[in-house]
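Data block below; observations after.
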Amino acid sequence: MSISTWSTNRSRGPTSNMAKKQIKRKRQQRLPTTPATNDALAAWLNDRALHWQQILRVADWDIELGLCSRHEMQDAHNVGECEANAQERDATITLVYPEELPEHNRTYAYMDAVLLHEMLHLVFRETDMIDSWDVREEMAVRKLTKALLAATGSE
């Protein structure tokens with residue numbers, strides 16, 4: 001398997017307004033589609049993973065990120081996958097190489113959305129150890145409420 005992986009670095013402070021504007025501009029850009037530029041994409045995804053970890057309140061998870069070919073995914077129809085162990089609080093998130101995506105999805109915004117989707121699985125994995133569905137649902141809803149309030153500055 002030729003998955004290139006890296007781990008997130010948890011040391012990250014608040015994002016400044018200027019940095020937020022740079023992120024917004026970057027998300028609107030098209031992705032490079034050559035494997036040689038995947039290192040730059042990996043660095044950007046790492047930064048976004050750290051951002052989402054803070055917002056989703058999963059900063060205490062060790063997350064390994066990776067890019068791979070679609071045929072190396074557990075399901076070849078997926079563009080992202082998350083394998084997580086809630087007890088150990090570690091996860092592996094794998095995204096498809098951008099060159100294997102349809103042209104209209106080759107944007108930083110799309111990759112950011114896929115990363116966020118996979119990271120949201122961590123919020124729900126934290127509830128896996130609880131037997132009561134009502135309690136599990138309430139935990140997830142509370143966590144997402146706090147995350148959305150933090151993301152909008154309403155917290």
Length released on extending from Glu64 to Arg142, taking residue separation times 0.36 nm less the Cα-Cα span:
25.5 nm
Highest average packing first - 115-128, 98-111, 132-145, Cβ atoms within 10 Å:
115-128, 98-111, 132-145
For the stretch 44-155, what relative contact order do you get, as a whole percent, if you take Cα pairs closer than 8 Å and at least 6 residues apart?
29
In whole Hz, the Karplus estimates of ³J(HN,Hα) for the stretch 111-126 (6.51, -1.76, 1.60; θ = phi - 60°; x where Gly or Pro) are 5, 5, 5, 5, 4, 4, 4, 5, 6, 5, 4, 5, 4, 7, 5, 4
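Each reported figure results from applying straightforward, stated rules to the coordinates on display, with no laboratory input. All values derive from a computational prediction rather than experimental measurement. Note: ideal-geometry Cβ built from the backbone for every residue, glycine included; neighbour counts use all protein chains shown.
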